[in-house]
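Participant: Here's a structure for you.
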Amino acid sequence: MDNKKFVKNTILYSAVILIVIAVTVVIIDPFSHYHMPLFNMGAVATDERTSLIGIAKNDNYEVALVGSSMSENFIDSWFEDGYFGKSAVKLCLQGAHFDDYEIILDEVIKHPELKTVVFGLDNYILTDDPSEQEITIPEYLYNDKLTDDSHYLWNKSVVFEFLPMFIINNILEKGSDDNAYVWENLFPYGKDASIASYISFRPEGPKEREAYDTYFENADLFLSKFTKYIEARPDVRFYVYSPPYSILFWDYSLLNGRLEAEICLLERVYSKLLEYDNVELYYFQDDKEIITNLDNYRDYSHYKQAINYYMYSKMKKGEKRLTKDNYYDTLLNMFGYAMNYDYNSIFN
């Protein structure tokens, strides 16, 4: 074979291989970038940062569950009860900040059939400096540039890792996405596990108390971004809930000198959200039976799936709901409880 023919055949064979790879990725589409799963497969777990934006865009649903790892143990079908809606999708990103959630919500809010958004409002979203947080969803998956799709179609990780994972997880889960990203059975729980995880970064002593308005700028920025969705879809019910971190979280907050500032931050955000008729606000952080029982936790904040079901059932019943009449006193009582709790008893 002469050199010209060899080069020609090499180019031809390479092109065929690349086309086959691209067609396979488009058909299977493990990130649901182009369409929802075919062949009776489901949107099972692959990778949150890369797959959930496609699901948010291409799936059909009435209920969107949006949040961090605090929301991952929710089960979609719980919310497919006719009360929240008839079809639900879980769009959770571990450790995400609001710039990531904006990308998700931008797609969620476009769905005309949308009835309910259940949003987990973590404290860190409000206390962390937004200017220091980067978007973690790859841009090529949410922009409109077709030329960027090469990052997906001929991506080594997609072809050799996520595509096989998608098929295998569909076989194991039989096409159900109920257990996607659920970590309930992956960790040990209990007092020993929680304290062991927390003690390595527990502050050594009380720091200087932060000013009450330390995080107000963060709060106002968050509100400016989040309320645009609330205002854009007055027909959609927004269930906003604060996850019940363990009492260790409040020990950390107190020792860092941020307890007062954190409670004042929540008051500022809640007072604004309560102005909207299509928002229901739920506060679980003061549920003392839950937060002081470290058997519920694997670290200072993450709780068992039973707590997720508890929150689901309470929101469905309208219990633990904050109103304009009770939200201030609720937060004031939580401040007093966290300020005066005997934290040393935990470690003795």
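Participant: Near GLY67, within a Cβ-to-Cβ distance under 12 Å, what is the net charge of the other residues, with Lys and Arg +1 and Asp and Glu -1? Could you put the intermediate results ahead of the total?
Facilitator: Details: positive: LYS90; negative: GLU48, GLU72, ASP100, ASP122.
Every neighbour counted, the sum reads -3.
Participant: For the range 71-146, what class follows from the C-alpha gyration tensor (a ≥ b ≥ c being the square roots of its eigenvalues): rounded when a/c is under 1.5, otherwise prolate if a/b is larger than b/c, else oblate? Numbers along the way, then the final one.
Facilitator: Details: a/c = 2.34, a/b = 1.37, b/c = 1.71.
Oblate, because a/c is 1.5 or more while a/b does not exceed b/c.
Participant: Using helices alone, I'd like the mean residue ellipticity at 222 nm for the chain: each DSSP H run of four-plus residues gives -39500 (n - 2.57), total over residue count, nearest 500.
Facilitator: Values: 14 runs with 153 residues, N = 348.
Only helices count here, giving -13500 deg cm²/dmol.
Participant: Relative to the longest principal axis of the C-alpha atoms of the chain, give the angle of the C-alpha long axis of helix 98-108, reported between 0 and 90° and rounded to the nearest 10°.
Facilitator: Once rounded, one gets 60 degrees.
Participant: Can you give the direction-averaged projected area of the convex hull of the alpha-carbon atoms in the range 138-263, in nm²? Working shown, then result.
Facilitator: Details: hull surface 53.8 nm².
It is 13.4 nm².
Participant: Right, here's the next one. Along its principal axes, what span do the Cα atoms of the range 42-85 show, with the longest given first and each in whole Å?
Facilitator: Its Cα atoms span 30, 24, 17 Å along the three principal axes.
Participant: Could you please report the charge total around ASP144, scoring K, R as +1 and D, E as -1 over all other residues with beta-carbon less than 13 angstrom from its beta-carbon? Working shown, then result.
Facilitator: On the way: positive: LYS57, LYS145; negative: ASP106, GLU107, GLU139, ASP148, ASP149.
Net local charge, ASP144 excluded: -3.
Participant: Tell me the relative contact order for the range 205-348 as a rounded percent, counting alpha carbon contacts under 8 Å between residues six or more apart. Intermediate results must be reported in sequence, preceding the final value.
Facilitator: Numbers: 162 pairs, mean separation 44.6, N = 144.
Normalised by residue count, the contact order of the range 205-348 is 31 percent.
Participant: Excluding ligands, DNA and RNA, what is the solvent-accessible area per residue of the chain at a probe of 1.4 Å, expressed in Å²?
Facilitator: Values: 16520 Å² over 348 residues.
It amounts to 47 Å² per residue over the chain.
Participant: For the residue pair SER131 and GLU217, what label-to-label distance in nm results when each label sits 7 Å from Cα along the Cα-to-beta-carbon direction?
Facilitator: Here the answer is 0.6 nm between the modelled labels.
Participant: Tell me, what ³J(HN,Hα) does each residue in the range 287-304 have, in order and in whole Hz, if you take phi through Karplus 6.51 cos²θ - 1.76 cosθ + 1.60 with θ = phi - 60° and put x for Gly and Pro?
Facilitator: 7, 5, 5, 7, 6, 8, 9, 6, 5, 7, 10, 10, 7, 6, 9, 7, 10, 5
Participant: Now, a different point. With axes computed from alpha carbons, what is the tilt in degrees of helix 259-273 against the longest principal axis of the chain, rounded to the nearest 10 within 0 to 90?
Facilitator: That helix lies at roughly 70 degrees to the long axis.
Participant: Of GLU289, GLU280, which has the most accessible area and how do the rest follow, probe 1.4 Å? Intermediate values should be presented prior to the final figure.
Facilitator: Working: GLU289 160, GLU280 15 Å².
The most accessible residue leads, giving GLU289, GLU280.
Participant: Same structure again: Search the structure for amide H atoms under 5 Å from the amide H of PHE238, placed 1.01 Å from N in the peptide plane, and list their residues when 5 or more places away or on another chain.
Facilitator: Hits under the 5 Å cutoff: VAL117, VAL279, GLU280.
Participant: Carbon and sulfur: what percent of the range 21-68's accessible surface (1.4 Å probe)?
Facilitator: Details: 900 of 1540 Å².
Ligands and nucleic acids excluded, carbon and sulfur give 59 percent.
Participant: Please build a GNM for the chain, connecting alpha carbons under 10 Å apart, and tell me which residue among LEU331, LEU281, LEU18 fluctuates the most.
Facilitator: Per the Cα network of the chain with a 10 Å cutoff, LEU18 tops the list.
Participant: To continue, here is another question. Suppose a student asked you for the relative contact order of the chain, using Cα pairs under 8 Å spaced at least 6 residues apart; what percent would you report?
Facilitator: On the way: 527 pairs, mean separation 66.3, N = 348.
It rounds to 19 percent for the chain.
Participant: So, in Å, what gap is there between the alpha-carbon centers of the range 103-155 and the range 202-238?
Facilitator: Using only Cα atoms to place each centre, the spacing works out to 19 Å.
Participant: Run the 1.4 Å probe and let me know the accessible area of LYS324, rounded to the nearest 10 Å².
Facilitator: LYS324 exposes around 140 Å² with every protein chain in place.
Participant: Rounded, prolate or oblate: which fits the range 189-281 when a ≥ b ≥ c are the square roots of the eigenvalues of the alpha-carbon gyration tensor, with rounded for a/c under 1.5 and prolate only if a/b beats b/c? Could you put the intermediate results ahead of the total?
Facilitator: Details: a/c = 3.46, a/b = 1.75, b/c = 1.98.
In terms of gyration-tensor shape, oblate.
Participant: Over the range 24-98, what relative contact order in percent results from Cα pairs under 8 Å that are six or more residues apart?
Facilitator: Numbers: 111 pairs, mean separation 20.6, N = 75.
Computed over the range 24-98, the figure is 27 percent.
Participant: Net charge within 11 Å of ASN179 by Cβ-Cβ distance, Lys/Arg positive one each and Asp/Glu negative one each, not counting ASN179 itself? Please list the in-between numbers first.
Facilitator: On the way: positive: LYS90, LYS174; negative: GLU72, ASP76, GLU173, ASP177, ASP178, GLU184.
With Lys, Arg at +1 and Asp, Glu at -1, the net is -4.
Participant: What spacing in nm lies between the two simple spin-label points modelled at GLN94 and ILE168, each 7 Å away from Cα in the Cβ direction?
Facilitator: Taking the simple label geometry, GLN94 and ILE168 are separated by 1.7 nm.
Participant: Sort the range 99-199 into rounded, prolate or oblate with this rule: let a ≥ b ≥ c be the square roots of the eigenvalues of the Cα gyration tensor; rounded if a/c is under 1.5, and if a/c is not under 1.5, prolate when a/b is larger than b/c, oblate otherwise.
Facilitator: oblate
Participant: Which order do the peptides 21-32, 222-233 come out in when sorted by mean C-beta neighbours inside 10 angstrom, highest first? Let's see the in-between values first.
Facilitator: Working: 21-32: 18.3, 222-233: 16.5.
Most protected by this proxy first, the peptides run 21-32, 222-233.
Participant: Now a separate question. Computed from these coordinates, which is Rg/Rh (Cα atoms, Kirkwood Rh): (i) 0.95; (ii) 1.04; (iii) 1.22?
Facilitator: Comparing each candidate, only (ii) matches the computed number.
Participant: While we're on this one: Give me the percent of accessible area attributable to carbon and sulfur for the range 93-227, probe 1.4 angstrom. Each step should come with its number before you reach the end.
Facilitator: Values: 3910 of 7450 Å².
Answer for the range 93-227: carbon and sulfur cover 52 percent of the accessible area.
The values are calculated or read from the model by the stated rules, or taken from the named source; none is laboratory data. Since this is a predicted model, take the numbers as computed values, not measurements. We place every Cβ from the backbone using ideal geometry, glycine too, and count neighbours over all the protein chains shown. The area values use the complete protein model at the heavy-atom level, side chains included, leaving out ligands, DNA and RNA. Shrake-Rupley method; radii C 1.70, N 1.55, O 1.52, S 1.80 Å.
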